[in-house]
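The values are calculated or read from the model by the stated rules, or taken from the named source; none is laboratory data. Keep in mind the model is a prediction, meaning the values are calculated, not measured. Cβ placement follows ideal geometry from the backbone for every residue including glycine, while neighbour counts extend to all protein chains displayed.
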Amino acid sequence: MPKPHLPETLAPDLVERLRTRFHPWELIRDWGLTIDSLEPGRAVMRLVPTRCVVNGPRGNVNGGVLASMADLTGAMAVCTAFDGAMPFATSDLHIRYLEPARGEVLADASILRFSGRGAIVECRLTVGDRLVALCTANFAIRQGLGADMRLTHPFPHPPGTGHADAPLQRLRYALVLLAVVILAGALGYHYLSRLGALDSFYMAITTLFTVGFRELGEVTARTKLFTIFYLIIGLGVATYALSNLTALLLEGDLRGYLMERRMQKQLDELKDHVIVCGFGKMGFQAAWELKKAGVPFVIVEQDETKGRSPRFAGELILYGNAMDDLVLERAGVRHARGLITALTTDADNVLVTLTVKQLRPDLPVVARSAKLGTERQLKAAGADHIVSPYEIGGRRMAGLLLKPEMMNFFDVVLQQEQLELGLERIAIAPNSALVGQTLREARLRHATGALLVGLVHPGAGLRFNPSGDERFQAGDEILIMGPTEALETLQRLAAGKA
């Protein structure tokens, strides 16, 4: 197989060779799908819809057809590194439908990241100038394999798949083998030396472990030959079993197994937590803020050399690929309150966001944007909030010169470790005593000691410093500032627990 790299130019006949290969496929023969263009690391396909790919009277292109089209276009973009060969299979594909596709569809796939082991491809499906779907595909590359290859999972296995239990499985296998050898020895001495059951097992065990007190029963030539072969085989099995037991006790396998089990138990019990994907500089700081706030969290990081900071001793750190469904499931994505993706590249953050939104469409996702201009892709992937560290840093630097007093005020509010003052956004439950009261009647500052800064009615925007005649409704959110104790009192009142 050719060495994987993106060439500067392509063979002149590559497009024709690919057309010849794909057009006979039964799956796409009648779709109206053609290869539009091909460049190093990029492919464009065009779909002129036929009746077999259109749903309903409005002429919407079937969503499965769009997904297959995006997958195939991405595969063609990657195959430019192999002169048309395809030694891979899609290991992970995520598509987000933005609006119905009516009319001629253009799929434009480009490689975002490429190495000898895999490629991440983004595919944009458009109708005219409208973006109808955004797809990210993760292709795994294996030397010498064909297009039917499936990726063998390189990520940590969930409990029960055998990865964490490997040391115990080896020990169980050795002990079972040892028991079989002892039983065989006991049966041999029973028939050859005319011994009872207890004496037979006594001879089998003392002979195997070379204790050698005394021989029981008849000692014949057959008994001696049996003992010789029994010792040769039995000593090997016993040595293997004892070496596995020693490794389990002394080499850390048992400790690692117990730690793995304990961590999995904690993960299973975790509820209403935050998942932090990536433990670089930004992920580290996000996790540290969550820890200071007392919010439960779990860190997902692929690099096992990270996560050894004394600040996070005893915290839940799951080593695995955050773009993998199984790893996110193990991190408790079904029961989480939010997810922060702070991976190194925007392509990885897009893929994590797509994966999360497929598993939990309602889960709030905060995504890091490393490059300016990628906010649109993250938003299309489903990110609820996008943070650009360079943009925020630039705004703060300018703000410190233009409005230093205002910036210092927000520092005081946000840095709660320096002053017992916090700013919270609290939802009002339907059973709260506040429902139906006006701000003047509620007298929040007198009752709790907290200051109401803003009010958000359902479906409306944030209103700063609302008037006293505003009336609280179920589902309202209030922006409150005050000491920690006052905020906790107001939270109980808003939740209907006071």
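Annotations
- Residues that are buried (at least 16 other Cβ atoms within 10 Å of the Cβ) and not in a helix (DSSP H, G or I) were ranked within segment 434-450; the one that is modelled with the lowest pLDDT is Ala450.
- Of all the residues in segment 445-498, those that are of a type in the set (Ser, Thr, Tyr) and in contact with a strand residue (DSSP E or B) (Cβ under 8 Å, 6 or more places away or on another chain) number 2.
- Extreme residue, farthest from the chain's Cα centre (by Cα), among residues of segment 325-350 that are over 11 Å from Ala367 (Cβ atoms) and among the acidic types (Asp, Glu): Glu329
- Boolean, Ile340 is without any contact (Cβ under 8 Å) to a residue 60 or more places away in the chain, part of a strand (DSSP E or B), within 22 Å of Asp268 (Cα to Cα) and aliphatic (A, V, I, L, M): no
- Selection of segment 275-328 for residues being of a type in the set (Phe, Trp, Tyr) and in a strand (DSSP E or B) yields Phe297, Tyr319.
- Considering segment 209-241, and only residues there that are basic (Lys, Arg) and free of Cβ contacts under 8 Å to residues at least 12 places away in the same chain, the residue that is surrounded by the fewest Cβ atoms within 10 Å (Cβ to Cβ) turns out to be Arg214.
- Number of the condition not met by Arg425 [criteria: (1) over 37 Å from the mean Cα position of the chain (by Cα); (2) surrounded by fewer than 15 Cβ atoms within 10 Å (Cβ to Cβ); (3) outside any loop (DSSP other than H, G, I, E, B)]: (1)
- In segment 368-406, the residues that are at positive phi and exposed (fewer than 11 other Cβ atoms within 10 Å of the Cβ): Gly373
- Some residue of segment 139-155 being modelled with pLDDT of 80 or more and either surrounded by 13 or more Cβ atoms within 10 Å (Cβ to Cβ) or not in a helix (DSSP H, G or I) (or both): yes
- Which listed residue is at pLDDT 80 or above, among the aliphatic types (A, V, I, L, M) and within 18 Å of Thr136 (Cα to Cα), from Val350, Val333: Val350
- Residue within segment 383-395 that is in contact (Cβ under 8 Å) with a residue 40 or more places away in the chain and over 28 Å from Glu99 (Cα atoms) present: yes
- Taking segment 36-82 as the range and being part of a loop (DSSP other than H, G, I, E, B) and farther than 19 Å from Val132 by Cα as the test, the residues that pass are Pro40, Gly41.
- Within segment 222-233, not a single residue is more than 56 Å from the chain's Cα centre (by Cα), of a type in the set (Phe, Trp, Tyr) and more than 24 Å from Ala174 (Cα to Cα).
- Condition check for Arg124: at pLDDT 85 or above and in contact with a Ser or Thr (Cβ under 8 Å, 6 or more places away or on another chain): no
- Number of the exception - Val365 against (1) surrounded by fewer than 18 Cβ atoms within 10 Å (Cβ to Cβ); (2) within 16 Å of the chain's Cα centre (by Cα); (3) within 17 Å of Ala286 (Cα to Cα): (1)
- Test: Thr355 is under 21 Å from Val121 (Cα atoms), hydroxyl-bearing (Ser, Thr, Tyr) and touching a residue at least 40 places away in the same chain (Cβ under 8 Å): yes
- Qualifying residue in segment 1-20 (condition: surrounded by 15 or more Cβ atoms within 10 Å (Cβ to Cβ), closer than 25 Å to Asn60 by Cα and at pLDDT below 80): no
- Selection within segment 156-194: residues that are outside any helix (DSSP H, G or I) and at pLDDT 80 or above. The member of this set that is surrounded by the most Cβ atoms within 10 Å (Cβ to Cβ) is Ser193.
- Out of Leu326, Leu359, Leu363, one residue alone is modelled with pLDDT under 85 and touching a Gly at 6+ places or on another chain (Cβ under 9 Å). It is Leu326.
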